[in-house]
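The values are calculated or read from the model by the stated rules, or taken from the named source; none is laboratory data. All values derive from a computational prediction rather than experimental measurement. Methodologically, a virtual Cβ is constructed for each residue, glycine included, from the backbone with ideal geometry; neighbour enumeration extends over all protein chains shown.
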Amino acid sequence: MNKLSIVTKWILLICFIFIILILAFIFKGNITGNLFLPKSEDNITIGIIAPLTGPLSVFGNSITSGVLMAKEDINDPHLNIIFEDDAGNYNQALNAATKLIELDNVDVVLNFGSASSQAITPYLNDKNIYQFAITMDSSIVSKNKNAIIIYPTNYYEAKAISNYFKDKNANIGILYSNVQTHTDEIVFIRENLLSINNITYIDKIEMTDNDFKTIVAKLKNQNIDYLIVLLYPAHLKLFLEEKIKQDYKIDLVGNMNFNSVDYNLIPNNSVFVTMPIYFEDNSILENLLNKNYNITNEKVDKYIFAYSYDNINVIYKSQKNKLTKEDLINKQFEGISGIIKITDRGYIDPDLVMGKIRNGKLNPI
């Protein structure tokens with residue numbers, strides 16, 4: 001009788017432990033086997049990793065504004081947003097992702113930039129976390145099976161710049177920030193242009209470089225007709241200011257970061273990659289920008305703002321409607337950045353155009 005009692009107790013204890021483990025697994029949010037479903041029936045928690053401080057803070061400010069405005073317009077008390085600052089730094093981005101996953105238990109991570117993407121994408125893949133990224137680095141969709149990019153990748157920006165030169169026979173120089181997305185972009189540009197244009201000069205800027213006096217003086221001695229400029233906003237502003245000081249006259253062809261600086265610094269007839277939203281009478285966007293979510297005195301970049309706003313809306317709809325990544329492929333969403341269609345590659349096919357500066361104003365070409 002005692003033996004039976006002991007066996008019964010052990011069976012009950014094992015059953016109790018098994019039940020506890022099952023309950024813990026359920027509450028951890030993994031019991032469904034679907035990585036894209038919210039960990040709670042009601043709450044949706046999105047972690048944001050962005051450069052809220054540092055040289056890229058103009059982007060962080062634009063992202064914050066877009067995210068908060070989207071949250072307000074969605075108007076669901078069960079939608080939670082947690083911001084983490086990576087200051088554009090690899091290690092800080094990884095630390096931020098670790099906190100969001102391990103401590104905050106977020107459902108989705110939205111991050112910005114190539115440094116952040118390179119840092120956190122393998123980690124998010126290992127943790128089976130749904131990732132949206134505002135980055136030009138298309139490689140992340142191959143590094144995280146749960147990653148989606150709702151933002152133009154470097155291939156599309158390079159394609160827009162290359163197409164601008166298709167009917168021109170010119171000597172071209174390139175000045176770029178030494179980061180992976182820009183070096184990848186230069187590869188695309190060179191492949192497209194070498195047969196019809198002469199790229200005679202290439203110079204790179206390290207993120208710590210600030211001596212644009214020497215850089216501009218060197219450029220003035222080059223025999224080039226156009227200068228392709230792929231710089232981060234902080235570098236771009238310093239370059240344009242020094243260009244004015246030294247009265248260096250050259251036709252500039254720029255990347256989307258030109259949208260982030262004061263147009264009055266950009267010389268007439270300069271052209272750069274942009275999107276139709278800058279030319280259209282977009283009352284929705286203008287009304288949103290008039291709201292007071294500008295957390296610093298920096299200019300809000302409409303481009304980054306629009307994609308941040310749209311990313312939050314797509315994330316919310318996908319989580320609310322229990323959509324998997326496969327469900328999102330080839331599905332269309334109407335956003336303030338335009339029609340968003342996620343291709344089977346895991347990123348969007350954007351509508352990019354070239355704009356030209358005239359007297360401080362951007363005009364379509």
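In table form, for the structure just shown:
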quantity	calculated
Residue selected from the stretch 233-254 under the condition within 26 Å of the chain's Cα centre (by Cα) and not in a helix (DSSP H, G or I), by the criterion farthest from GLY173 (Cα to Cα)	GLY254
Test: residue in the stretch 204-217 that is outside the structural domain of PHE59 (by TED's automatic domain parsing) and under 22 Å from MET354 (Cβ atoms)	no
Residue ID - nearest to ILE365 (Cα to Cα), chosen from residues in the stretch 163-190 that are part of a helix (DSSP H, G or I) and of a type outside the set (Val, Ile, Thr)	TYR164
Number of the condition not met by LYS143 [criteria: (1) basic (Lys, Arg); (2) free of Cβ contacts under 8 Å to residues at least 24 places away in the same chain; (3) in contact with a Phe, Trp or Tyr (Cβ under 8 Å, 6 or more places away or on another chain)]	(3)
Unmet criterion (only one of (1) at pLDDT below 80; (2) not in a helix (DSSP H, G or I)) for TYR303	(2)
Criterion: among the hydroxyl-bearing types (Ser, Thr, Tyr), closer than 19 Å to VAL300 by Cα and buried (at least 24 other Cβ atoms within 10 Å of the Cβ) - qualifying residue of THR121, THR135, THR53	THR135
Residue within the stretch 124-131 that is surrounded by fewer than 18 Cβ atoms within 10 Å (Cβ to Cβ), at pLDDT below 95 and touching a Phe, Trp or Tyr at 6+ places or on another chain (Cβ under 7 Å) present	no
Residue check, ILE46 at pLDDT 95 or above, touching an Asp or Glu at 6+ places or on another chain (Cβ under 8 Å), closer than 26 Å to ASN125 by Cα and not charged (D, E, K, R)	yes
Subset of the stretch 83-102 (residues that are surrounded by 17 or more Cβ atoms within 10 Å (Cβ to Cβ) and under 17 Å from the mean Cα position of the chain (by Cα))	PHE83, GLU84, ASP85, ASP86, ALA87, GLY88, ASN89, GLN92, ALA93, LEU94, ALA96, ALA97
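Per-residue answers, yes or no, for (1) closer than 25 Å to GLN180 by Cβ; (2) of a type outside the set (S, T, N, Q); (3) surrounded by 19 or more Cβ atoms within 10 Å (Cβ to Cβ):
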position: LYS213; (1), (2), (3): no, yes, no
position: ASN221; (1), (2), (3): no, no, no
position: PRO233; (1), (2), (3): yes, yes, yes
position: LYS245; (1), (2), (3): no, yes, no
position: ILE250; (1), (2), (3): no, yes, no
position: VAL253; (1), (2), (3): yes, yes, yes
